[in-house]
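These notes concern the structure reproduced below.
The values are calculated or read from the model by the stated rules, or taken from the named source; none is laboratory data. Computed from a predicted model, the values in this text were never measured in an experiment. Positions of Cβ are backbone-derived with ideal geometry, glycine not excepted, and every protein chain shown enters the neighbour counts. Side chains included, ligands, DNA and RNA excluded: accessible areas come from the protein's heavy atoms. Shrake-Rupley method; radii C 1.70, N 1.55, O 1.52, S 1.80 Å.
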2 protein chains.
Amino acid sequence: MKTKKSKKGAKPKSINVAKAMKALRKRLGDRVAEDDNSRFNASLDNLRLSVLPHAVIQVQAADEVAVVLKLANKYGVPLTCRGAGTSATGSAVPIHGGWVLDLSALNRIEINPVARIATVGAGVVTADLQAQVEALGLFFPPDPSSKKYSTLGGNIACNAGGMRCVKYGVTRDYVLGLEGVLADGSPFQFGLPLKKYVSGLNLRDLLIGSEGTLGVITAANLKLIPKPEKRWTGMFAFKSEAAALKAVVGLFQAGVNPSILEFLDRQSVGCAERYTGKKIFEGQPRSSILLIELDGCSVEVREQRKRLLEYMLEVAAAYREARSELQAEKLWQVRRTCSQSMFSIADTKLNEDVVVPIEKQAELIRYTLALKKEIGLATPTFGHAGDGNLHVHIMYNRASQSDAEKAQAGIEKLMQKVVDLGGVITGEHGIGLAKSPFMAMQHTAPEIAVMRSVKQALDPLGILNPGKIFDPFEVWDHELVDVTLPWDHR
Amino acid sequence: MKTKKSKKGAKPKSINVAKAMKALRKRLGDRVAEDDNSRFNASLDNLRLSVLPHAVIQVQAADEVAVVLKLANKYGVPLTCRGAGTSATGSAVPIHGGWVLDLSALNRIEINPVARIATVGAGVVTADLQAQVEALGLFFPPDPSSKKYSTLGGNIACNAGGMRCVKYGVTRDYVLGLEGVLADGSPFQFGLPLKKYVSGLNLRDLLIGSEGTLGVITAANLKLIPKPEKRWTGMFAFKSEAAALKAVVGLFQAGVNPSILEFLDRQSVGCAERYTGKKIFEGQPRSSILLIELDGCSVEVREQRKRLLEYMLEVAAAYREARSELQAEKLWQVRRTCSQSMFSIADTKLNEDVVVPIEKQAELIRYTLALKKEIGLATPTFGHAGDGNLHVHIMYNRASQSDAEKAQAGIEKLMQKVVDLGGVITGEHGIGLAKSPFMAMQHTAPEIAVMRSVKQALDPLGILNPGKIFDPFEVWDHELVDVTLPWDHR
């Protein structure tokens, strides 16, 4: 990893910073922060690559967004939207400088419990919405691991996933309408708070997952569903990853419909066991683990549990089920510990979020083990096995140039393997900067060309989050910053 | 309704028919039909407006589609895709002539019961897929009323709905990946048979519902869910539409989660009762009706039924529940009879598919009754009250110029009312030709401009289904043809 610290954004051609800043201060002076601290805080996301913007605009109302976009458009200022900055890919980094549009103050929540629709500002924190809807007996399933911090605007811009997708789908599946502002400053409403809508071209879903490159989302109408009455959690040990992943397939064949189906490989379990000094399954050799949640009405859960145990007791080496919320919480703690404890191996974690067909996960794990041998770096892997969405990690120490090079080579090989298996290079993080070098592995040249032409159609001047998705960016060539973010627990 | 019979497609500027036809015959001679019968059959859909294409190309394999598009592109030939022609809006009519691309032979079905994913050709008939997946204990919920005839390519191109959307969502919610060909003949795969996928701009959902204007879909990967174990059907009578629609709101408040929730107004019920000569609820005055289905595991259905009846017995005037599949079928027959029997009032039915917020349905019905008085034409209405998606019909006799004018004026007023209520002019049919004059009611000028620029980006020569969605087309100025289509039951 090279040490070039890219602290200053590259200047786009047409930008006239002084003039643009003057006009911005005149229109929205009390929303504009230009101090070093504000600019640094808005310069990075969870990728920890920092590029300072010229200014941060903390809008307080949706109509201020149109003012900002008109100015950005007029002066050709790059504009990067920001919620909480939990993105893992650098999609919130203002890589070309310009302005960061901080939408976190747009945090109104309105819930219509009859229509089962919530209308939220882009800045609403995911967990805050979930708490409010659950108090009404309703449910908003998407649960990215950053949900205590991430904003719904960001979740929608990245089409966030999480653990419950295997039964409930991803963020996209819950978006009915989007309100926002186009690149030229025109307000838009794509979709409405209605359950059915087929009028005109569907730009709503085009914006979902576009990582702020096509328009600014200021509010959304979200579909809610009845809250499942009951939950059940169980944890199962297997002698090998192959056995655990075979059981994933077997569960579906047995007609089990889990709300969560998480997999942990033995490397991940080893990290957790070393970190806590305790074995997860006492008396067992180190195991690969499946963590499973069932939900629904109580009889449905009972029937599903019976079906699940009937199958699992044949194939698992050991198991434990939660008999209370507290015990369930303890089981989930195992999963969380795996993630944190990896830093005991090395100081840097490359967290990929690849997806392969669920039947091919065992082959992917065989590959991560071969890769571990080949590059000499740990490749602990866990993830959402019910979706085939595995977080493969490559752990290395940043100070070692040679380890960094091995990690980089490893990621490239992994991505190619995933595509060869019929998978996708990103299942929930998005492309941002970190995955941009692999776009051409995933998509054909005509596919990328047509995506670029759509980008051009919506953002002809290229002011919206420039540099993301399409321009291959080598994160490796840039130094990352050492900073503690609110969600860091180590 | 004027009598100009538009039997010949308008010639687009650049088309050189003779040269294009020669090249087509050379490349795909045995797929090309130019006889009058084939051209007529491909000239119309359920709107019954007929415009003859120059030729019909009955492709037998997906790679032939690329050949056709390359030629269409080279010679500037308008290209309209066709499945079964069940569209209600004229979206399958080759309004500018050119070639009709008949995809109905692409009818392969592959089902992966473990991953719960079906891969289907665009020409697969919806009901055929449903039968195959249900035999495996799986379920593909989208159920447009044309499902025995409609193809999945058409369902996806129009984002078809149906009765089960209130619980299960629309076609879009079940599409994981799309395979097809871009306007320039390049093949594409947007999305894959995977449960999570966030790589690049989401052109998959842009194509869904784009009515063949952005690309040709040849195959799709569809999400399947476990088949609900049990169903329950009940029918409830109310003294007024207002009472029935108040009960719809009340049911949601009571925590009922119906899989189907259909509403019939008294005009519709009157049609059915006159047609069959039998009262639906013996001993009751003519009633507005709710038809409700619950599904799930048997205990869930039992618990939901209890909750539903507790509420409904307080507010409904009468009810009947099905104690067998046969009895359930009889209840559904009531709904179907309403649709058919409307032709006893007049020979022409304008079938709108508007959506309003569910709490505003009573206001919409008050409006349809006021409209009935105002224009002197019947406005029987039924539909998917759980989604706020009501089929408002205006019945008139085609021979009467004055009635036709009243019907036209009525539709325009209805559309404006729907938009004023916060609704959408089309919930499941799409825009096609029939709704094109109302696009500007629904969308702002900048919204339409950006939709047009997206169309331009994907189809720069404008060869894909030209004339649809964006160009206001007055169906009224064109004579409809009198033809019996396979799904006509009168």
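Leaving out ligands and nucleic acids, note down the accessible area per residue over the protein assembly as shown with a 1.4 angstrom probe, in whole Å². Intermediate results must be reported in sequence, preceding the final value.
On the way: 36320 Å² over 980 residues.
I get 37 Å² per residue for this part.
So which of A:LYS19/A:LYS349; A:LYS278/B:LYS227; A:LYS330/A:LYS372; A:LYS413/B:LYS223; A:LYS246/B:LYS147; B:LYS373/B:LYS455 end up more than 32 Å apart by C-alpha? If you can, show how the numbers build up before the last one.
Numbers: A:LYS19/A:LYS349 42 Å; A:LYS278/B:LYS227 42 Å; A:LYS330/A:LYS372 30 Å; A:LYS413/B:LYS223 29 Å; A:LYS246/B:LYS147 37 Å; B:LYS373/B:LYS455 41 Å.
With Cα atoms farther than 32 Å apart: A:LYS19/A:LYS349; A:LYS278/B:LYS227; A:LYS246/B:LYS147; B:LYS373/B:LYS455.
Summing Lys, Arg as +1 and Asp, Glu as -1, what charge do residues with Cβ under 12 Å from the Cβ of A:VAL315 carry, A:VAL315 excluded?
Details: positive: A:LYS239, A:LYS246; negative: A:GLU310, A:GLU314.
The answer is 0.
Estimate for me the total accessible surface buried between chains B and A (protein heavy atoms, probe 1.4 Å, no ligands or nucleic acids), in Å² to the nearest 100. Intermediate results must be reported in sequence, preceding the final value.
Working: alone 21080 and 21050 Å², together 36320 Å².
Interface area, both chains combined: 5800 Å², rounded to the nearest 100.
Pop a pseudo-label 7 angstrom from the Cα along the beta-carbon direction at both B:LYS413 and A:GLN327 and give the gap in nm to one decimal.
Between B:LYS413 and A:GLN327, the label points sit 6.6 nm apart.
Charges at C-beta only: +1 for Lys and Arg, -1 for Asp and Glu. How large is the resulting dipole of chain B about its Cα centre, in Debye rounded to 20? Provide the component values of the computation, followed by the final result.
Working: 62 positive and 52 negative charges, 96 e Å.
The dipole magnitude comes to about 460 debye.
Tell me the carbon and sulfur percent of the accessible area for the range B:338-387, rounded to whole percent, probe radius 1.4 Å.
Details: 850 of 1660 Å².
Taking all protein chains in place, the range B:338-387 shows 51 percent carbon and sulfur surface.
List, shortest first and in nm to one decimal, how far the label point of B:TRP476 (7 Å from Cα along Cα→Cβ) is from its counterparts in the other copies.
6.6
Would you mind calculating the relative contact order of the range A:268-426 from Cα pairs under 8 angstrom and at least 6 residues apart, reporting the percent as a whole number? Before the final figure, lay out the partial values.
Values: 178 pairs, mean separation 36.6, N = 159.
RCO, the range A:268-426: 23 percent.
With a cut-off of at most 12 other beta carbons within 10 Å, and DSSP calling the residue loop, which GluC sites (Glu not before Pro) in the range A:385-490 qualify? Please list them. Each step should come with its number before you reach the end.
Numbers: sites: A:GLU405, A:GLU412, A:GLU428, A:GLU447, A:GLU474, A:GLU479; in loops: A:GLU428, A:GLU474, A:GLU479.
Here the sparse-neighbourhood loop sites are A:GLU474.
Let me know the charge dipole size of the range A:230-420 about its Cα centre in debye, to the nearest 20, where only the beta-carbon of Lys, Arg (+1) and Asp, Glu (-1) is charged. Each step should come with its number before you reach the end.
Values: 27 positive and 25 negative charges, 113 e Å.
With only Lys, Arg, Asp and Glu charged at Cβ, the dipole is about 540 debye.
Post the alpha-carbon centroid distance, the range B:421-440 to the range A:346-398, in whole angstrom.
Value for the Cα centre distance between the two parts: 47 Å.
Counting only protein heavy atoms and using a 1.4 Å probe, what share of the accessible area of the range B:165-234 belongs to carbon plus sulfur, as a whole percent?
Working: 730 of 1550 Å².
Carbon-and-sulfur percentage of accessible area, whole number: 47.
In whole percent, how big is the carbon plus sulfur part of the accessible area of the range A:68-131, probe 1.4 Å, protein atoms only? Intermediate results must be reported in sequence, preceding the final value.
Values: 820 of 1750 Å².
Taking all protein chains in place, the range A:68-131 shows 47 percent carbon and sulfur surface.
What does a probe at B:VAL483 reach in the range B:90-116, counting residues whose amide N is under 17 Å from the point 7 Å along Cα→Cβ?
B:90-104
So, counting K/R as plus one and D/E as minus one, what does the shell of residues with Cβ under 12 Å around A:ARG335 add up to? The partial results should precede the final answer.
Working: positive: A:LYS330, A:ARG336; negative: A:GLU262, A:GLU293, A:GLU329.
Net of charged neighbours comes to -1.
Which listed residue (A:LEU331, B:PRO78, B:GLY90) has the Cα farthest towards the positive end of the charge dipole for the protein assembly as shown, taking +1 on Lys and Arg C-beta and -1 on Asp and Glu C-beta about the Cα centre?
Looking along the dipole axis, the top candidate is B:PRO78.
The range A:275-301: which residues show an accessible-area loss of 10 Å² or more, assembly versus chain alone, 1.4 Å probe?
Buried-area filter returns A:CYS297, A:VAL299, A:GLU300.
Provide the per-residue ³J(HN,Hα) series for the range A:302-311, in order, calculated from phi with Karplus coefficients 6.51, -1.76, 1.60 and θ = phi - 60°, each as a whole number of Hz, with x at glycine and proline positions.
Those phi angles translate into 4, 5, 5, 4, 4, 4, 5, 5, 3, 6 Hz.
Quick check: Cα centre of the range A:457-487 to Cα centre of the range B:19-59, how many Å?
49 Å
Once Lys and Arg get +1 and Asp and Glu get -1 on their Cβ, which of B:VAL301, B:VAL355, B:PRO285 lies farthest toward the positive end of the dipole of the range B:269-402?
Looking along the dipole axis, the top candidate is B:PRO285.
Heavy atoms only, 1.4 Å probe, whole protein assembly: order B:VAL249, A:VAL256 by accessible area, highest first.
Working: B:VAL249 30, A:VAL256 0 Å².
Reading off the accessible areas and sorting them downward yields B:VAL249, A:VAL256.
So what's chain B giving for Cα Rg divided by 2.2 N^0.38 Å, two decimals? Before the final figure, lay out each step's value.
On the way: Rg = 22.8 Å, N = 490, 2.2 N^0.38 = 23.2 Å.
Rounded to two decimals, the normalised Rg is 0.98.
Please compute the net charge surrounding B:SER453, taking Lys and Arg as +1 and Asp and Glu as -1 over other residues with Cβ under 14 Å from its Cβ. Provide the component values of the computation, followed by the final result.
Details: positive: A:ARG452, A:LYS455, B:ARG452, B:LYS455; negative: A:ASP184, A:ASP459, B:GLU447, B:ASP459.
Around B:SER453, the surrounding residues sum to 0.
Between copies, how far does the label point of A:ASN397 sit from its twins, in nm, shortest first, when each point is 7 Å from Cα along Cα→Cβ?
9.4
Evaluate the relative contact order of the range A:386-471 (contact order divided by residue number), counting alpha-carbon pairs under 8 angstrom at least 6 apart; express in whole percent. Provide the component values of the computation, followed by the final result.
Working: 46 pairs, mean separation 20.9, N = 86.
Relative contact order here is 24 percent.
Loop-only trypsin sites (Lys or Arg not before Pro) in the range A:266-342, please: DSSP not H, G, I, E or B, and at most 15 other Cβ atoms within 10 Å.
On the way: sites: A:ARG266, A:ARG274, A:LYS278, A:LYS279, A:ARG286, A:ARG302, A:ARG305, A:LYS306, A:ARG307, A:ARG320, A:ARG323, A:LYS330, A:ARG335, A:ARG336; in loops: A:LYS278, A:LYS279, A:ARG286, A:ARG323.
Sites meeting the loop and neighbour criteria: A:LYS278, A:LYS279, A:ARG286, A:ARG323.
Charges only on Cβ, +1 for Lys and Arg, -1 for Asp and Glu: so what's the dipole of the range B:95-188 about the Cα centre, in debye to the nearest 20?
Details: 7 positive and 8 negative charges, 65 e Å.
So the magnitude is around 320 debye.
Taking the C-alpha atoms of the protein assembly as shown, how large are the radius of gyration and the largest Cα-Cα span, Dmax, in Å?
Radius of gyration, then largest Cα-Cα span, for the protein assembly as shown: 28.6, 87 Å.
Label 7 Å along Cα→Cβ of A:LYS278; the range A:333-351 residues with amide nitrogen under 14 Å?
Counting only backbone N, you get A:333-338.
Considering amide H positions built from the backbone, and no H for Pro or chain starts, which residues 5 or more places from A:VAL175, or on another chain, come under 5 Å of its amide H?
Amide H neighbours of A:VAL175, under 5 Å, 5+ apart: A:LYS223.
Label points 7 Å out from Cα along the Cβ direction at A:ASP471 and B:GLU363: separation in nm?
4.8 nm
Answer with one residue from B:LEU28, B:ILE431, B:VAL269: the one whose Cα lies farthest towards the positive end of the charge dipole of chain B, charges on Cβ with Lys, Arg +1 and Asp, Glu -1.
The one lying farthest along the dipole's positive direction is B:LEU28.
In the range A:261-296, which residues have a backbone nitrogen under 20 Å from the label point lying 7 Å from A:SER240's Cα in the Cα-to-Cβ direction?
Answer for the range A:261-296: A:263-270, A:284-291.
Report, in whole Å, the centroid distance computed from the Cα atoms of the range A:194-219 and the range B:255-320.
Their Cα centres are 36 Å away from one another.
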